[in-house]
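The values are calculated or read from the model by the stated rules, or taken from the named source; none is laboratory data. Keep in mind it's a predicted model, so treat the numbers as computed, not measured. Virtual Cβ from ideal backbone geometry, glycine too; neighbours counted across all protein chains shown. In case anyone asks, the SASA skips ligands and DNA or RNA and just uses the protein heavy atoms, side chains included. Shrake-Rupley method; radii C 1.70, N 1.55, O 1.52, S 1.80 Å.
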Amino acid sequence: VQLEESGGGLVQAGGSLRLSCAASGRSIGTYTMGWFRQAPGKEREFVAAIVWSGRNTHYTDSVKGRFTISRDNAKNTVYLQMTSLKPEDTAVYYCAADPWGRGPERVTLYDYWGQGTQVTVSS
């Protein structure tokens with residue numbers, strides 16, 4: 001599975017961005033999909049995840065109420081809608097795929113990763 005993120009950029013605090021993650025090579029329709037981020041000098045951290053059906057989603061506390069993860073299995077694509085962005089959201093955002101649905105928040109349980117897209121929020 002190849003994953004490609006898009007939609008990052010520079011935005012002012014309070015603004016919005018929508019990230020997309022397009023998968024190729026195999027259907028991700030049965031995979032748990034996640035978004036992670038990594039700021040300079042920090043470890044990669046969990047942001048959000050969605051199970052294969054889309055019925056269950058998980059978020060880290062700092063983005064609850066501001067970010068929404070969704071998926072379109074017909075398009076083999078996952079999205080992350082980000083609103084009310086804060087400077088502390090600045091990071092490289094990565095899309096990841098977990099074929100086995102083993103747990104949404106652990107970096108090590110995701111087998112496939114994209115190259116990342118930069119999100120910069122100015123104050």
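Among the residues of region 87-100, the ones that are exposed (fewer than 15 other Cβ atoms within 10 Å of the Cβ) and at pLDDT 95 or above come to 2 in all. Suppose we filter region 1-44 for residues that are surrounded by 15 or more Cβ atoms within 10 Å (Cβ to Cβ), in contact with a helix residue (DSSP H, G or I) (Cβ under 9 Å, 6 or more places away or on another chain) and assigned to a loop (DSSP other than H, G, I, E, B); how many remain? Here the count works out to 1. Residues in region 84-103 that are part of a loop (DSSP other than H, G, I, E, B) and more than 14 Å from the chain's Cα centre (by Cα): Ser84, Leu85, Lys86, Pro99, Trp100, Gly101, Arg102, Gly103. Just so you know, in region 104-123 the residues that are part of a loop (DSSP other than H, G, I, E, B) and open to solvent by 20 Å² or more (accessible area, probe 1.4 Å) include one that is nearest to Arg55 (Cα to Cα), and it is Pro104. When region 69-93 is filtered for residues that are in contact (Cβ under 8 Å) with a residue 12 or more places away in the chain and either among the aliphatic types (A, V, I, L, M) or closer than 12 Å to Ala49 by Cβ (or both), the ones remaining, listed by number, are Ile69, Ser70, Arg71, Val78, Leu80, Met82, Leu85, Ala91, Val92.
To keep it simple, each residue is scored yes or no on (1) among the polar types (S, T, N, Q); (2) touching a residue at least 24 places away in the same chain (Cβ under 8 Å); (3) more than 22 Å from Gln118 (Cβ to Cβ).
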residue	(1), (2), (3)
Glu4	no, yes, no
Ala13	no, yes, no
Ser20	yes, yes, no
Thr32	yes, yes, yes
Arg37	no, yes, no
Ala48	no, yes, no
Val51	no, yes, yes
Asn56	yes, no, yes
Gly65	no, no, yes
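The set of residues from region 60-79 being open to solvent by less than 50 Å² (accessible area, probe 1.4 Å) and of a type outside the set (D, E, K, R) comprises Thr60, Val63, Phe67, Ile69, Ser70, Asn76, Thr77, Val78, Tyr79. In this structure, Arg71 does not satisfy being assigned to a strand (DSSP E or B), of a type outside the set (A, V, I, L, M), more than 20 Å from Gln2 (Cβ to Cβ) and out of contact with any helix residue (DSSP H, G or I) (no Cβ under 8 Å at 6 or more places or on another chain). I'd like the full set of residues that are of a type in the set (Gly, Ala, Ser) and farther than 15 Å from Tyr110 by Cα, limited to region 30-57. Ala39, Gly41, Ser53, Gly54 - these are the residues of region 30-57 that are of a type in the set (Gly, Ala, Ser) and farther than 15 Å from Tyr110 by Cα.
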